[in-house]
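Enquirer: My questions all concern the structure below.
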Amino acid sequence: MGATGQPAGSAGRSAGTGGSGSRFGRWWDTSRNAVFAVFGTGAVICAGFMEVVDRSIQIPLLAALVVLALAGLSSIFRARTYARLAAAVWAWVRGHRILVIGAGALALSLGVGGAVMVASGQSCEDATEVAVMVPEYGAPGFAAAADAFEQDSTTPFACPRYHVTTFGVGWPALRAAFASGWGDASAEDDEAAPVLGPRPAVWIAESRAQADIVASEALTQDVTISGRTLVAGSPLVLAVPEAHAKTLRATIRSDDTAKELIAAAGTAGLSVVRANPDTSFAAALHTVGLYGDSDGIPSGGSDAESLELDLGHALEQAGLPLGTDGALLCRLRELSTAEPPRVAVLTTERAMLDGGAACPASSGADDAGTLVPFYPGSPLGLDYTAVRLDWAEEESAGRRAEAAEAFVEWLGTTEGQTVLDREAKVRGLAGRPPSGDDGPLPGLQGAPVVEPGASVVAYTRVLSTEERYRTARRPARVLVLVDSSASMGRPADGDRKRIDVARRGVLGALGHLSGSDQVGVWRFSGAATSSPQELLGLTSSQTAQGEAPEHLGRLRPSGYTPLYDAIDAGTSHLIELDTGAAARRPLTALVVLTDGENRPGRGAGADLSASDLIGSARAAADSGVRVYVVAVGEASCQVSDLQQIAAEWDGECWDSSFGELESTLGSLFGQLGGR
């Protein structure tokens, strides 16, 4: 033993350890503040990045923050391990019980207060507002994509970065809106087109050609296009009821062109139908292919006129409406409860898939309404393009532009493409058919891969085909029935009466008819025995535009609303006029503008019912007369028999407000007159 009474070996080990420990201890005493500062700074940096990084990085960043915080805390105490740290902390807590209890109570109160602030939304900044304009037909699917983008673009504390507003607009209406500066409220011209929605930062165009057309003919100095990005597509197809598809499939080849498919459909006893090219851009693209030969050279004008006659008569014979793809496909579904009509529809894959979802619940049975697509060998299609728009003198333009760019970029991500595939039923950039949980949707098994934008039509060719269609289309014969009952004398909006709004709407609508069209105007009011009355007999549209203001100016609201008697008289008159051969029959339509239900008073014609008009429609199924009803005020397509009456007469019922009446009538007459 040594002098101290310890074994010599133990003394040596103690000395060695003590020497090393004293050197570390001295370093620790002088450097622990620096160590604490380094680790603490690292933890603060991690906390700062938590605000901006994606969710996938937040968890490892949180773990790093905890490690750095613990390491920094360990430097405060004279302890080399976490075990000693824990013992030191516990000893300190036991010696300062009152302080710990007070600090705990303070932390709890602060936590509750913070939770209340978060719950009241005080911790979130206002989300950037982004308006997105989407195609009117299929708008719910694109709205679902916008909702998914919102949910995928939140801060780590679940605060929304963006608030996206989507609204659907038809092709003719948006062209007019862009041309008018989007309904500039500061314009002195009170006839400017109405605002269709907020000024969009992003426009999901059905094709790049649409954006090019708007840029070439309609953009004002208030808006510029800052970018075009392809996001999805949908090929053009010939859709055939499943009951008739087998017959057609046996006569075609996989590389048949669109014209060869149409010829084969005729051989199989199927009439080919198409929506109106003036209201459906898909129909306009189909028309580009129909008017051109295999080399893309337009065929003769007489061929185009013959084609339009055949397409128009096929719609009438099948009892299908003239208008959008959605209206046509919904009516086809209604007629397919038993044996589907023998027709083949020129439409898009997306419209074919979405037709059932867009129709009323009372439409035909699911199985009977199933359509099978046939794809041309070199297909055209819609190439959905996200168009970014910059508006002059707009507040928060920088933030809105950044949000618009973020949305467009997101549409190209895996998440965005999946939502477009599942919800909008369009093809992603890979060109694969839309799918569900179990693979391709029904009817698309074995469908070819078609990459969006693989075959694009130049916008100049679309415009030239549009002009040729207006020359080749059938002339229209339109009789307008204007409700002049007592209720039309009520205020509509501001200082205007309902009859004044109706008068202006009808006069504006006449401008959509061309020189080859005829139009007449009747009024109906009072008792059925004295109504309707002729204001302007059928005459050329140019003559009508000159004379109609005087005749409509004499309208004085009074009396009952003999609505059904007026419809019966108008349809009977138009049927009697058609004495020529069916092959030369014009597009014949009765347009009824009313603000109320049928209130005929007494006398002859007062006992007419909706069932009588439906029976008359079925008896005159080959007449070619269509009935369109525009319902305003108390009238409604949804809660009356007007929708069924119009459908049985191969037309449509359109609900409108008085503020939108001019636009509604303009859209309707645009279908009939093609302008």
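The values are calculated or read from the model by the stated rules, or taken from the named source; none is laboratory data. This structure is a prediction, so every number in the text was calculated from the model and none was measured. Glycine gets a Cβ as well: all are built from the backbone with ideal geometry, and neighbour counts include every protein chain shown. Protein only, heavy atoms only, side chains kept; ligands, DNA and RNA dropped before computing areas. Shrake-Rupley method; radii C 1.70, N 1.55, O 1.52, S 1.80 Å.
Enquirer: In this structure, is GLU662 part of a helix (DSSP H, G or I) and open to solvent by 10 Å² or more (accessible area, probe 1.4 Å)?
Expert: Working: part of a helix (DSSP H, G or I): yes; open to solvent by 10 Å² or more (accessible area, probe 1.4 Å): yes.
Considered against the rule, which asks whether it is part of a helix (DSSP H, G or I) and open to solvent by 10 Å² or more (accessible area, probe 1.4 Å), GLU662 comes out as yes.
Enquirer: May I pose another question? For segment 458-487, which residues satisfy the criterion of being modelled with pLDDT under 90 and β-branched (Val, Ile, Thr)?
Expert: Once the filter is applied, which keeps residues that are modelled with pLDDT under 90 and β-branched (Val, Ile, Thr), segment 458-487 yields only THR471.
Enquirer: Pick from ALA264, ALA318: which is of a type outside the set (Ser, Thr, Tyr) and without any contact (Cβ under 8 Å) to a residue 24 or more places away in the chain? Explain how you work it out, then say what you get.
Expert: Details: ALA318 fails: without any contact (Cβ under 8 Å) to a residue 24 or more places away in the chain.
Testing whether each residue is of a type outside the set (Ser, Thr, Tyr) and without any contact (Cβ under 8 Å) to a residue 24 or more places away in the chain leaves just ALA264.
Enquirer: Before we move on, is VAL639 free of Cβ contacts under 8 Å to residues at least 40 places away in the same chain and in contact with a Gly (Cβ under 9 Å, 6 or more places away or on another chain)?
Expert: Details: free of Cβ contacts under 8 Å to residues at least 40 places away in the same chain: yes; in contact with a Gly (Cβ under 9 Å, 6 or more places away or on another chain): no.
So VAL639 fails the test.
Enquirer: Let me spell it out: the conditions are (1) more than 14 Å from GLN518 (Cβ to Cβ); (2) touching a Lys or Arg at 6+ places or on another chain (Cβ under 7 Å); (3) buried (at least 19 other Cβ atoms within 10 Å of the Cβ), and ASP565 meets all of them except one. Which number is the exception?
Expert: Of (1) more than 14 Å from GLN518 (Cβ to Cβ); (2) touching a Lys or Arg at 6+ places or on another chain (Cβ under 7 Å); (3) buried (at least 19 other Cβ atoms within 10 Å of the Cβ), only one is false for ASP565: (2).
Enquirer: In addition: Please specify each residue of segment 513-530 satisfying the condition of being open to solvent by 10 Å² or more (accessible area, probe 1.4 Å) and either more than 18 Å from GLY489 (Cα to Cα) or hydrophobic (A, V, I, L, M, F, W, C) (or both).
Expert: SER514, GLY515, SER516, GLN518, TRP522, ALA527, THR529, SER530
Enquirer: Hey, among ARG585, ARG554, which residue is open to solvent by 10 Å² or more (accessible area, probe 1.4 Å) and over 38 Å from the mean Cα position of the chain (by Cα)? Full working, then the answer.
Expert: Values: ARG585 fails: over 38 Å from the mean Cα position of the chain (by Cα).
It is ARG554.
Enquirer: Given the criteria at pLDDT 90 or above and part of a loop (DSSP other than H, G, I, E, B), does LEU555 qualify?
Expert: Working: at pLDDT 90 or above: yes; part of a loop (DSSP other than H, G, I, E, B): yes.
Against the criterion (at pLDDT 90 or above and part of a loop (DSSP other than H, G, I, E, B)), LEU555 qualifies.
Enquirer: When the residues of segment 376-408 are narrowed to those that are part of a helix (DSSP H, G or I) and without any contact (Cβ under 8 Å) to a residue 12 or more places away in the chain, which ends up surrounded by the fewest Cβ atoms within 10 Å (Cβ to Cβ)?
Expert: Within segment 376-408, the match that is surrounded by the fewest Cβ atoms within 10 Å (Cβ to Cβ) is GLY398.
Enquirer: Given the options ALA569, ALA617, ALA606, name the one that is part of a helix (DSSP H, G or I), in contact with a Pro (Cβ under 7 Å, 6 or more places away or on another chain), touching a residue at least 12 places away in the same chain (Cβ under 8 Å) and over 28 Å from GLY659 (Cβ atoms). First the steps, then the outcome.
Expert: Numbers: ALA617 fails: in contact with a Pro (Cβ under 7 Å, 6 or more places away or on another chain); ALA606 fails: part of a helix (DSSP H, G or I).
Answer to the check: ALA569.
Enquirer: In segment 500-510, is there at least one residue being within 30 Å of the chain's Cα centre (by Cα) and either modelled with pLDDT under 90 or not in a helix (DSSP H, G or I) (or both)?
Expert: no
Enquirer: Now a separate question. Please go through (1) in a helix (DSSP H, G or I); (2) in contact with a His (Cβ under 9 Å, 6 or more places away or on another chain) for ILE575 and return the number of the only condition it doesn't satisfy.
Expert: It fails just one condition, (2).
Enquirer: Take the residues of segment 244-261 that are open to solvent by 40 Å² or more (accessible area, probe 1.4 Å) and in a helix (DSSP H, G or I): which is nearest to LEU307 (Cα to Cα)?
Expert: LYS259
Enquirer: Counting only residues that are in a loop (DSSP other than H, G, I, E, B) and modelled with pLDDT under 90, which one in segment 582-596 is nearest to ARG503 (Cα to Cα)?
Expert: Keep residues of segment 582-596 that are in a loop (DSSP other than H, G, I, E, B), which gives 585-586, 595-596.
Those still in the list that are modelled with pLDDT under 90 too: 585-586, 596.
Working: ARG585: 29, PRO586: 26, GLY596: 17 Å.
Residue satisfying both the conditions and the ranking: GLY596.
Enquirer: Considering only residues that are at pLDDT below 95, part of a strand (DSSP E or B), polar (S, T, N, Q) and out of contact with any Phe, Trp or Tyr (no Cβ under 9 Å at 6 or more places or on another chain), which ones fall in segment 204-243?
Expert: SER226 - this is the single residue of segment 204-243 that is at pLDDT below 95, part of a strand (DSSP E or B), polar (S, T, N, Q) and out of contact with any Phe, Trp or Tyr (no Cβ under 9 Å at 6 or more places or on another chain).
Enquirer: Of all residues in segment 524-547, count the ones that are assigned to a helix (DSSP H, G or I) and either modelled with pLDDT of 95 or more or of a type in the set (Ser, Thr, Tyr) (or both). Quick ask: steps written out before the conclusion?
Expert: First, the residues of segment 524-547 that are assigned to a helix (DSSP H, G or I): 528-530, 541-547.
When the remaining residues are screened for being either modelled with pLDDT of 95 or more or of a type in the set (Ser, Thr, Tyr) (or both), the result is 529-530, 541, 543.
The qualifying residues number 4.
Enquirer: Can you name every residue in segment 597-650 that is modelled with pLDDT of 90 or more, of a type in the set (Asp, Glu) and open to solvent by 50 Å² or more (accessible area, probe 1.4 Å)?
Expert: ASP612, GLU634, ASP641, listed by residue number.
Enquirer: Every residue in segment 329-349 that is out of contact with any Lys or Arg (no Cβ under 8 Å at 6 or more places or on another chain) and assigned to a helix (DSSP H, G or I), please.
Expert: Within segment 329-349, LEU329, CYS330, ARG331, LEU332, ARG333, GLU334 meet the criteria.
Enquirer: When you scan segment 645-656, do you find a residue that is free of Cβ contacts under 8 Å to residues at least 24 places away in the same chain and more than 22 Å from the chain's Cα centre (by Cα), even just one?
Expert: Let us first name the residues in segment 645-656 that are free of Cβ contacts under 8 Å to residues at least 24 places away in the same chain, namely 646.
Subset that is more than 22 Å from the chain's Cα centre (by Cα): 646.
Yes: one or more hits.
Enquirer: Look through LEU270, LEU238 and report the one residue that is more than 22 Å from ARG427 (Cβ to Cβ) and under 33 Å from the mean Cα position of the chain (by Cα). Please lay out each step first, then the result.
Expert: Values: LEU238 fails: more than 22 Å from ARG427 (Cβ to Cβ).
That would be LEU270, the only listed residue that is more than 22 Å from ARG427 (Cβ to Cβ) and under 33 Å from the mean Cα position of the chain (by Cα).
Enquirer: For segment 638-658, how many residues are part of a loop (DSSP other than H, G, I, E, B) and closer than 20 Å to ARG490 by Cβ? Working first, answer last.
Expert: Here is the first cut: in segment 638-658, the residues part of a loop (DSSP other than H, G, I, E, B) are 638-641, 649-652, 656-658.
Filter once more, so that each one left must be closer than 20 Å to ARG490 by Cβ: 639-640, 656-658.
The number of residues fulfilling the criteria is 5.
Enquirer: Against the conditions (1) of a type outside the set (A, V, I, L, M); (2) modelled with pLDDT under 90; (3) open to solvent by 50 Å² or more (accessible area, probe 1.4 Å), where does GLY301 fall short? Just the number, please.
Expert: The one condition GLY301 does not meet is (3).
Enquirer: Now for a separate question. Identify all residues within segment 138-180 that are buried (at least 17 other Cβ atoms within 10 Å of the Cβ), of a type in the set (S, T, N, Q) and within 26 Å of VAL223 (Cα to Cα); write none if there are none.
Expert: Correct list: THR166, SER180.
Enquirer: What do you reckon, is ALA447 open to solvent by less than 50 Å² (accessible area, probe 1.4 Å), farther than 25 Å from ALA250 by Cα and at pLDDT below 95?
Expert: Numbers: open to solvent by less than 50 Å² (accessible area, probe 1.4 Å): yes; farther than 25 Å from ALA250 by Cα: no; at pLDDT below 95: yes.
Here the answer is no, as ALA447 does not meet what is asked.
Enquirer: Do you know which residues across segment 419-441 are part of a loop (DSSP other than H, G, I, E, B) and either surrounded by 13 or more Cβ atoms within 10 Å (Cβ to Cβ) or among the basic types (Lys, Arg) (or both)? First the steps, then the outcome.
Expert: Keep residues of segment 419-441 that are part of a loop (DSSP other than H, G, I, E, B), which gives 425-426, 428-434, 437-438, 441.
If the condition is that a residue be part of a loop (DSSP other than H, G, I, E, B) and either surrounded by 13 or more Cβ atoms within 10 Å (Cβ to Cβ) or among the basic types (Lys, Arg) (or both), then LYS425, VAL426, GLY428, LEU429, GLY431, ARG432, PRO433, PRO434, LEU441 are the ones that fit.
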